[in-house]
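The values are calculated or read from the model by the stated rules, or taken from the named source; none is laboratory data. Remember, predicted model here, so these are calculated numbers, not experimental data. With ideal geometry, Cβ positions are generated from the backbone for all residues, glycine too; neighbour counts draw on all protein chains shown. Just so you know, the surface numbers come from the protein's heavy atoms only, side chains and all, with ligands and any DNA or RNA stripped out. Shrake-Rupley method; radii C 1.70, N 1.55, O 1.52, S 1.80 Å.
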Amino acid sequence: MRALENIMSKIREARKRDSRVVPFELNKISEAIHRAQLSVGPGDRTYARELAEVVEHFLCTEVAGGRDDGIPHIEEIQDVVEKVLMARPDCGEVAKSYILYRRKRELLRETLEVRREKKTLPDGGGRSSARHGGLPSVEKTDAGVSTWKKASITAALIREADLDPSLAEEIAASVEAKVLRTGILLISTSLIRELVDNELFERGYDAKLKKQAPLSLPKYDMEELIHGGGAGGRAPREAERRIAREILLQYSLDEVFSPEVARAHRSGRFYVHSLRDPLRCYRIRTALDEAVAGGLTGLQVLVSREVRLTCGTSSVMPPGVLSPGAVFEMDFSDTGGLEILGKLLEVARRAETAPSCIIRLSSFAAEEFYPLAGRLLELAAAGAAVELLPPVCGDFPGGAAPLIVAGKVTLNLPRAAYRSARKAGASIENELDEIVDLAVKGLLERTSFISRLCSDVDSPLAGLRGLSGPGVGGIEQEWAGIVGVVGLNECVSYLSGSQLHEAPEAMDKGLELIERLAEKLRAEQGRLGLKLVLEESRNRGELRRLQELDGRLYPEFVSGLVEAGHLYTDGVRARERDPLDAIEFDVPLLRSVVPRGGVVGAGLDLCELDQRQLSEFVAEALELSSAQKKRRLERAEEPSIEELKKSKKSAPEGDGARWTIPGPQGSEERR
């Protein structure tokens with residue numbers, strides 16, 4: 001049917017040398033004849049057009065009719081052009097010029113070779129990257145050399161620069177013409193890349209040019225990644241992993257996030273977590289039973305941070321449940337808390353990997369504290385990392401429902417305070433609003449990117465679709481983004497002149513800022529349909545770059561901290577280090593914030609306590625956190641914190657039990 005359509009009317013399609021079918025363009029034949037005329041004398045466009053129409057007539061009657069699909073090949077079209085020109089007595093010289101030009105192009109295509117630079121991929125193989133920087137993919141021959149293929153440039157421009165096919169072919173033809181005019185017989189892929197980039201730039205396709213830009217590392221950085229592990233350097237696999245992750249970091253900042261979000265990260269206004277892991281979500285939170293049924297190990301390879309498993313009395317704990325990266329969450333407001341800890345203890349004693357546990361305590365009856373303390377000490381003895389939270393702290397939305405956290409962005413709160421001081425007419429409130437808007441923008445971009453990966457049936461992340469469902473505005477209803485905070489104490493200290501634990505005004509300012517952030521996220525969550533969680537961030541590892549950057553940009557504000565050997569405090573925590581006193585300052589700030597790290601007994605080594613000491617400590621900590629005791633800073637005529645410590649140290653012994661609470665500066669005795 002297609003062949004009959006081409007024969008009964010004018011030719012509509014033609015087949016290229018690479019077998020692609022493209023629209024038949026009579027003007028191209030006319031232009032080729034006109035150029036041949038000009039090469040031997042004056043040209044006549046009207047006559048060239050008439051000759052092209054004769055060529056089309058022959059194609060319809062002789063060539064296309066002999067093909068099943070009725071589509072003539074480019075070589076057949078050029079053969080007909082030669083015949084038509086040679087048949088005309090007045091076109092002898094024109095025919096000769098056309099034939100010689102055609103033969104010259106054919107020889108150049110056959111002899112021109114593409115020399116590919118040998119670039120080792122991060123996976124350690126000796127293969128060269130056919131797609132590095134958007135280069136055309138060519139069929140390799142011996143010694144890394146392949147024949148010229150204009151179609152490879154066209155295909156790469158369509159696939160990687162997202163160009164319209166006709167425009168991609170036009171640019172590829174222009175590049176080929178420039179190459180052939182040089183008369184060179186060997187060309188490198190780097191030169192082809194430059195020619196394509198120049199062509200895109202000259203035509204105003206700057207955005208398309210960005211997609212062609214290569215990702216690379218300076219040689220110095222590469223050598224540091226290879227040899228920076230000590231005298232013997234790093235193990236090959238570790239060096240390869242680090243190099244690959246640095247390339248992925250560049251990709252994240254260039255492709256996953258918008259320029260303004262990337263700029264805020266680079267400048268230190270906030271920190272975007274897991275930039276080196278763009279192909280994995282940040283965290284998964286789901287019920288233990290669902291994770292076991294779906295294959296716990298399969299979930300853990302999909303996250304860059306951790307899999308949090310909520311446990312209940314009916315939870316089954318198979319031997320492999322303690323794989324690295326799993327964190328157990330237990331809420332003791334549910335019945336059977338001791339039973340859950342017992343199951344976990346049995347598994348921990350048999351497994352090689354010690355568990356990490358986050359235990360949200362509740363107001364127990366007095367007789368329950370002692371057995372709880374015993375179970376906690378047994379877990380600690382088995383190597384478990386135990387974090388205890390009071391019941392009033394912030395929590396993730398949805399209870400035990402599955403929650404997929406696409407990413408986390410941590411706000412640099414001290415920087416917001418410093419900026420508000422330097423900028424005329426600025427305020428800390430405006431600075432926070434601005435940086436939260438940028439952070440939420442980044443979380444939306446990250447969620448959108450991960451969601452696209454999940455929608456690909458061949459992607460490893462496709463398995464996450466079983467944990468979520470369709471939501472508002474294209475955002476999955478069980479997806480979330482985390483806005484982290486670090487350095488609230490230093491932020492407030494700069495604004496008020498006092499640290500959180502030093503004056504009621506400082507604490508009030510801290511509470512005001514945190515509530516403003518929480519309210520802002522609630523409003524954004526309702527508008528966007530993406531769950532937004534306010535969470536602490538620990539000032540560890542690469543997050544410390546925020547203070548380093550602040551030290552360079554705002555030395556007048558940060559130098560005092562550096563001289564005192566102080567780092568920005570974790571999350572919203574006060575610098576008060578006494579385990580019980582810290583609870584009174586931390587808990588009010590944590591009511592709207594999900595804690596990152598333990599609150600009850602933070603900094604304590606449980607193995608240093610006996611069962612009775614720990615049970616009484618937990619009882620007093622819960623009493624303090626439940627606001628049954630007011631903050632000491634608000635009590636009228638109360639002695640200072642230091643005076644209270646001294647009075648407790650010098651208090652006479654009574655009939656009550658005493659226990660030792662080791663702290664960072666030694667130990668203190670409490671009654």
Discussion item. Quick check: with the 1.4 Å probe, what order do 422, 375, 577 take by accessible area, largest first?
Written reply: 577, 422, 375
Practice prompt. Please list 533, 292 in order of solvent-accessible area, largest first, computed with a 1.4 Å probe with all protein chains present.
Written response: 292, 533
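Which whole-number percent of Cα pairs in region 397-448 have a distance greater than 17 Å? All intermediate terms of the calculation are to be shown ahead of the outcome.
Numbers: 660 of 1326 pairs.
Within region 397-448, distances greater than 17 Å cover 50 percent of Cα pairs.
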Worksheet, complete the sentence: The alpha-carbon center of region 520-540 and that of region 406-425 are separated, in whole Å, by 16
Practice prompt. Would you check the accessible area of residue 420, probe 1.4 Å, heavy atoms only, in square angstrom rounded to 10?
Written response: 20
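If you rank 370, 205 by how much accessible surface each has, with a 1.4 Å probe, what is the order from largest down? Spell out each step's value before the answer.
Details: 370 100, 205 75 Å².
These residues rank, largest area first, as 370, 205.
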Worksheet item: How much net charge surrounds residue 572 when only other residues with a Cβ under 9 Å from its Cβ are counted (Lys, Arg +1; Asp, Glu -1)?
Response: -2
Item to complete: With a Förster radius of 30 Å, plug the Cβ-Cβ distance of residue 106 and residue 215 into 1/(1 + (r/R0)^6) and report the FRET value to the nearest 0.05.
Response: 0.20
Item to complete: Please list the non-local residues whose amide H lies under 5 Å from the amide H of residue 329, H modeled 1.01 Å from N, same-chain partners needing a gap of 5 or more.
Response: 309, 310, 311, 358
Response to the item:
Distance in nm between residue 234 and residue 202 label points, each 7 Å along Cα→Cβ, equals 4.2
Practice prompt. Of all alpha-carbon pairs in region 326-418, indicate the percentage at a distance above 21 angstrom.
Written response: 45
